[in-house]
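Each remark here refers to the structure printed beneath this line.
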Amino acid sequence: MISDDVFATVPTLTTERLRLEPLGPEHFEGSWAALQDEESMRLTGTQSTFTEDQIRTWLAGLGDRHDRADWAVIRLEDGTHIGEVVLNDLDGQNESMNLRIALSGDAARGRGYGTEAVRAVLDHGFDTVGLHRISLDVFSFNPAAQRVYEKCGFLVEGRQRHTMNWDGEWVDSILMGILATDPRGV
Ligand SMILES: CC(C)(COP(=O)(O)OP(=O)(O)OC[C@H]1O[C@@H](n2cnc3c(N)ncnc32)[C@H](O)[C@@H]1OP(=O)(O)O)[C@@H](O)C(=O)NCCC(=O)NCCS
């Protein structure tokens, strides 16, 4: 059993090239910029639009959300906020959560940062929080993300057909999951 206030404090996680720090109001600029990244919006299937006020309110409220962990991904080399990674949808009874990640801008993607961030969150989720299962959905038009998840140890568990209509085209969702007992990739 994982308690609903397991993330009353979200710890900062550090990897070789990244710092994952609790997302909050101080990350508004990077969060707002990320929402202007059309490729990232497409790949995450973000179809809603948001106002600056909505984003500020959202960031300000995260500190009170003790059942999820939202991290800003900061590149250590230059301090740039390059994205976010999240553990959400806690099912405490069954010790499971959902993972999502989005890096913004071409300078952030394709350099191994996504793999590094996901591995850090898996290690934290399983080894420190005590989760049993972490799962996610990835759209079928996003093979790079699927590859990253596979590298980290996620297995494909199923496919849901036509879960999203993007610009008139139906897209499938691939369900992936990893258990605490699974190998976490190489
Ligand atoms: C998905 C995301 C987190 C991946 O992080 P990243 O830092 O860009 O990825 P990495 O550099 O760690 O790894 C990318 C891998 O995908 C592979 N890849 C790239 N394009 C690919 C393609 N078209 N088909 C298959 N594999 C591909 C790369 O070769 C690399 O694998 P390798 O290390 O075995 O060579 C990041 O690109 C991102 O945030 N994208 C926008 C939002 C998004 O898609 N979020 C995920 C939603 S489920």
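The values are calculated or read from the model by the stated rules, or taken from the named source; none is laboratory data. From a predicted model like this one, the values you see are computed outputs, not experimental measurements. Every residue, glycine as well, gets a Cβ built from its backbone with ideal geometry; the counts of neighbours run over all protein chains shown. Just the protein is used for accessible areas: all its heavy atoms, side chains included, with ligands, DNA and RNA removed. Shrake-Rupley method; radii C 1.70, N 1.55, O 1.52, S 1.80 Å.
At a glance:
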quantity	calculated
Heavy-atom accessible area per residue - the chain, 1.4 Å, Å²	52
For a label point 7 Å along the Cα-to-beta-carbon line of Gln47, residues of region 141-159 with backbone N under 16 Å	141
Total formal charge among the other residues, if their Cβ is under 10 angstrom from that of Lys151, Lys/Arg +1 and Asp/Glu -1	+2
Label-point separation, Asp5 to Thr181 (7 Å along Cα→Cβ), nm	3.2
Rel. contact order, % - alpha carbon contacts under 8 angstrom, at least six apart, region 111-175	32
Farthest positive-ward along the chain dipole, Cα basis, beta-carbon charges - from Phe139, Thr80, Trp58	Phe139
Overall dimensions of the chain by Cα: Rg and Dmax, Å	15.9, 43
GluC sites (Glu not before Pro) restricted to region 1-104 and DSSP loop, no more than 16 other C-beta within 10 Å	Glu16, Glu77
Computed lengthening from Ala107 to Arg68, 0.36 nm per intervening residue step minus Cα-Cα distance	11.3 nm
Anisotropy class of region 26-125 from Cα gyration tensor, a/c 1.5 cut	oblate
Gyration tensor verdict on region 110-155 (Cα atoms; rounded if a/c is under 1.5, prolate if a/b is larger than b/c, oblate otherwise)	oblate
Student exercise, region 93-136 dipole from Lys, Arg, Asp, Glu Cβ charges, in Debye to nearest 20	160
Within region 70-145, percent of DSSP bridges classed antiparallel, to nearest 5	80
Karplus-derived HN-Hα couplings along region 25-38 (A = 6.51, B = -1.76, C = 1.60, θ = phi - 60°), whole Hz, x at Gly and Pro	x, 5, 9, 4, 4, x, 5, 5, 4, 4, 6, 8, 7, 5
Relative contact order (%) - the chain, alpha-carbon pairs under 8 angstrom, separation at least six	20
Distance in nm between pseudo-label sites at Glu77 and Val156 (7 Å out along the Cβ direction from Cα)	3.2
For region 1-78 versus region 132-186, the gap between their alpha-carbon centres in whole angstrom	21
Among 138-147, 166-175, 115-124, the order from most to least packed when residues are scored by Cβ within 10 Å on average	115-124, 138-147, 166-175
Residue with peak Gaussian network fluctuation, the chain [Cα springs, cutoff 10 Å], from Met97, Met176, Met41	Met41
